[in-house]
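The values are calculated or read from the model by the stated rules, or taken from the named source; none is laboratory data. The structure displayed is predicted, hence computed values, not measured ones. Cβ coordinates were reconstructed from backbone atoms using ideal geometry, including for glycine residues, and neighbour counts include every protein chain displayed.
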Amino acid sequence: MSVQFEFLGPLRQVVHGDDKVVVAAGTIGEALVELDGRYPGLTGRLLESEDTLHRHINIYINEEDVRFKEQLATTVKPGDLVTVISAIAGG
Amino acid sequence: MTQILRCRSCGYKTEFKPDTVCPECFNPLEVEYDYPALRSQLSRDDIARRPTNMWRYHELLPAVEGGVPEIAVGWTPLIRARRLGRVLDMPNLYLKNDAVNFPSLSFKDRVVSVALAKAVDFGFEQVGCASTGNLANALAAQASVLGLTSIILVPEDLEQQKIVATACYKTHLIKVRGTYDDINRLCTELTYRERIGIVNVNLRPYYSEGSKTVGFEIVEQLGWQLPDQVVVPMAGGSLISKLGKAFHEVVQVGLVDDRSVRIFGAQATGCAPIATLVKTGAEELVPVKPDTVVKSLSIGAPADGLRAARTIVESGGWAEDVSDEDTVRAIVLLAETEGIFAETAGGVTVAVTEKLLAQGKLDREAVTVLCITGNGLKTADLVAYRTDELPVIEPKYSAYRECRDPKMQMEANSVSAI
């Protein structure tokens, strides 16, 4: 299943500045592992541990924060837009 | 004196620029000062001769190329709260009253003052923010004075008074169908797509430093000494973290002797991710969907949540949360005892103080400062029930006597007897 990823701002550097990235995966975690094959070191920079997202990075599937779903185990479906964005904001 | 932005996590350094994210490890960037140099440059006497506003501590704020701002923000009263202290059995209780901060009646005037000074330095003509209300008021007011275009995004369900107190300025106010956290995401995206200085996104390292001036003022107003305890409302967790930094800095630069300050955090039960983090001792913050009347503290995914929790725990403090009912009751208690009409965050702070006292977490005798961060006129609807049964009379003395029923007399007496 192909899902489109969009990395915004400084996070774009983990995909070498690519605008949009398409990946086939069933969950967010699987997608990140797949992308790590293409962009070595990606998971090391985006994850705190194997199953925990970096505390200052948010991932949204369409408009929904994966922390309110199943985190990295959250499933994705064809046509979803996954946005990866810094969480250092507000207050 | 050299100031830089430094990543607290990996140590990456860079010169001042409009950015908040470390490009190496994606953690927050923060302003770093040359404390040893400041130790020989800064004295109590020098500070005492300066104008009474937050910029009297300018060496400990981000350097501003365009000079210190003219808008006189800060230097709000530190009040010896004898009557509330008697109710709470706290003889050394003080209130830092930012409900009367200038120009927009909340502590957010401080952070905006710094952020907009830097926005001008960086050449931004357009500034903006995501806000739960107080920041919207503060940004709209100061951007109007500085002639900057302001774009302000607020949750659709924000209190009407806060919307009016923003719309009255020259600003572009936009209501967003979503939570504050949703708006934060949008504002972050805006900084990548447009030339705009969002005060709590790409200007955040400078913005957040403004919160320290609450701490500097408390120390100076106590006669250059650190308090023993402070109780602070928490939304994004920035204010409480920066208070910790302020208390550390005044010792670092030799303005006061070192002494431990126990820092306590206050949240509403309907949005208490930081208090929960402190109470559970968890490693990571779990975001929540806010469900409380306390809109000004309704940040479900606080960016400084973990740092706030560490500040509290490392100081030997604690955090608690209180119900909406207790919050409203505490707003009234504060008004009746000290004459201060606070918005919901003030009610949360007073109610949490009561709760921490009941738990034995706060020392009743210690010099304790409660931070009152915003004005009650902004959330007046919550106490509007107090006007439900007001008497309406003919302009005659007999009618006046009739309406002075025994119940009202008793209530009046109970307050004056405190």
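Could you pull out the residue among B:Gly197, B:Gly236 that is away from chain A (no Cβ under 12 Å), at pLDDT 95 or above and over 20 Å from B:Ala81 (Cβ atoms)?
B:Gly197
Going residue by residue through segment B:326-346, is there one that turns out to be out of contact with any helix residue (DSSP H, G or I) (no Cβ under 9 Å at 6 or more places or on another chain) and touching a residue at least 24 places away in the same chain (Cβ under 8 Å)?
No, segment B:326-346 contains no residue that is out of contact with any helix residue (DSSP H, G or I) (no Cβ under 9 Å at 6 or more places or on another chain) and touching a residue at least 24 places away in the same chain (Cβ under 8 Å).
For (1) part of a helix (DSSP H, G or I); (2) touching a Leu at 6+ places or on another chain (Cβ under 6 Å), each residue gets a yes or a no:
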| residue | (1), (2) |
| --- | --- |
| B:Glu220 | yes, no |
| B:Trp224 | no, no |
| B:Val231 | no, yes |
| B:Leu243 | yes, no |
| B:Gly254 | no, no |
| B:Ile263 | no, no |
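Name the one entry in A:Arg45, A:Arg55 that is within 12 Å of chain B (Cβ to nearest Cβ), in contact (Cβ under 8 Å) with a residue 24 or more places away in the chain and part of a loop (DSSP other than H, G, I, E, B).
Of the residues listed, the single one that is within 12 Å of chain B (Cβ to nearest Cβ), in contact (Cβ under 8 Å) with a residue 24 or more places away in the chain and part of a loop (DSSP other than H, G, I, E, B) is A:Arg55.
Determine if segment B:394-409 includes at least one residue that is modelled with pLDDT of 95 or more, of a type in the set (Asp, Glu) and closer than 25 Å to B:Pro91 by Cβ.
no
Mind listing just one residue for me: the one in segment A:11-36 that is within 14 Å of another protein chain (Cβ to nearest Cβ) and buried (at least 18 other Cβ atoms within 10 Å of the Cβ) and, of those, nearest to A:Lys69 (Cα to Cα)?
A:Leu11
Looking for whichever is within 13 Å of another protein chain (Cβ to nearest Cβ) and over 20 Å from B:Val294 (Cα atoms) here; the options are B:Val111, B:Val120, B:Val127. Which one fits?
One residue alone meets the criteria, B:Val111.
What's the total number of residues in segment B:1-39 that are away from every other protein chain (no Cβ under 12 Å), of a type in the set (A, V, I, L, M) and under 24 Å from A:His54 (Cβ atoms)?
Final tally of qualifying residues: 3.
Evaluate the following for B:Cys22: is it over 17 Å from B:Val111 (Cα atoms) and buried (at least 18 other Cβ atoms within 10 Å of the Cβ)?
Judged against the criteria, B:Cys22 is a match.
If you go through segment A:71-86 one residue at a time, how many are touching a Ser or Thr at 6+ places or on another chain (Cβ under 8 Å) and not in a strand (DSSP E or B)?
Result for segment A:71-86: 6.
Please tell me if A:Ile61 is within 12 Å of another protein chain (Cβ to nearest Cβ) and surrounded by 14 or more Cβ atoms within 10 Å (Cβ to Cβ).
So A:Ile61 fails the test.
Taking segment B:1-48, which residues are free of Cβ contacts under 8 Å to residues at least 60 places away in the same chain, among the aliphatic types (A, V, I, L, M) and closer than 17 Å to B:Asn202 by Cα?
The answer is B:Ile4, B:Val21.
Among B:Gly265, B:Gly244, B:Gly210, B:Gly281, which is within 23 Å of B:Gly300 (Cβ to Cβ), more than 10 Å from every other protein chain (Cβ to nearest Cβ) and either touching a Ser or Thr at 6+ places or on another chain (Cβ under 8 Å) or among the hydroxyl-bearing types (Ser, Thr, Tyr) (or both)?
Every option except B:Gly244 fails the conditions.
Evaluate segment B:221-236: report whether one residue or more is buried (at least 24 other Cβ atoms within 10 Å of the Cβ), closer than 30 Å to B:Leu148 by Cβ and polar (S, T, N, Q).
no
Looking at segment A:68-91 only, could you name the residues that are of a type in the set (Gly, Ala, Ser), at the interface with chain B (Cβ under 7 Å from one of its Cβ atoms) and within 12 Å of the chain's Cα centre (by Cα)?
A:Ser86, the sole residue that qualifies.
For B:Leu306, are the conditions met, namely being under 21 Å from B:Val154 (Cα atoms) and either within 16 Å of the chain's Cα centre (by Cα) or assigned by TED's automatic domain parsing to the domain that holds B:Gly374 (or both)?
Considered against the rule, which asks whether it is under 21 Å from B:Val154 (Cα atoms) and either within 16 Å of the chain's Cα centre (by Cα) or assigned by TED's automatic domain parsing to the domain that holds B:Gly374 (or both), B:Leu306 comes out as no.
I'm trying to understand the selection: among the residues of segment B:1-28, which are in contact with a Phe, Trp or Tyr (Cβ under 8 Å, 6 or more places away or on another chain), within 18 Å of A:Arg12 (Cβ to Cβ) and not charged (D, E, K, R)?
Selection gives B:Pro18, B:Cys22, B:Pro23, B:Cys25.
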